[in-house]
Every structure is written in C-alpha cells, then in structure tokens.
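This report refers to the structure that appears directly beneath it.
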Amino acid sequence: MDAHSPTSSAPATVAAHAHAHDDHFASHIRRYLLVFYALIFGTVITVAASYIPFGDRAVNIGVALFIACGKASLVAGYFMHLVSERKMIYGIMIFTVIFFIGLMFLTLASFMNPPANTTTH
C-alpha cells in the first residue's frame, strides 16, 4: 500500500500545478487586455485632439506626438516585454531617446535659421 502513496498524490500535484499555470496566464491576458484598452483609449484621444483647434498647427502636431509617445511606451513596455528587462536595456533606450530629441532639435533649428541665399518654397 505504501508503494501507491506517491502516485496517489501525483494527480493532485499536477492539478494544483495546472491551476497555478492557468492563473499565471490569466494574469498575463488580463494585463494585455488592459494595455489594449489603453491603446484604444489613446487612439480615441488622438482623434478627438485632432479636432480641437489649439491655435497653431504645430501645437496640434505636438499634442498628437505626445499621445503617440505614450502609446509607444505602452507597446514597447508590455508587448516587447521591456518592463521586465534589465537596466542596460533602459540605458540604451534612454540614450536613443536623447539622440532622437537632439536630432529633432537640430532639424527644427535648421528651419528657424536657414543659411544665407537659401530659397524656400
């Protein structure tokens, strides 16, 4: 009878593991659905903001880009699993963002102060 004791508890252990496994996936699915709903909400806000006259077209574009950056951070953080990555990934990502902002600043600065004898259309 003692030989059957370990096998009799094995189905209970497997069932408990399967239940924990299902709970683990359910939490991930719940998180992905929340991010999906947040992305849909961000899209609705972007479309709604496009109808608001902020006075200048550049401000409208800036608001849309601000909302898009928030949505991009959700996609990168959760769908690309960067939320649980190491610090080095964040360091590289911060460097990339700083480099991108620098390039955008240089591009905008070149529009404000064009070289002499430059024709604009």
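The numbers here are math on the coordinates, done by the rules we state, and not lab data. In this text, all values refer to a predicted model and were calculated from it rather than measured experimentally. As a convention, Cβ positions derive from the backbone with ideal geometry for all residues, glycine included, and neighbour counts pool all protein chains shown.
Details
- Highest average first, the peptides 24-31, 41-48 ordered by how many other beta carbon atoms sit within 10 Å of their residues are 41-48, 24-31.
- Extending 7 Å from the Cα toward the beta-carbon at both Ile101 and Ile52 defines two label points whose distance is 2.3 nm.
- Shape of the stretch 35-121, Cα gyration tensor, a/c cut at 1.5: oblate
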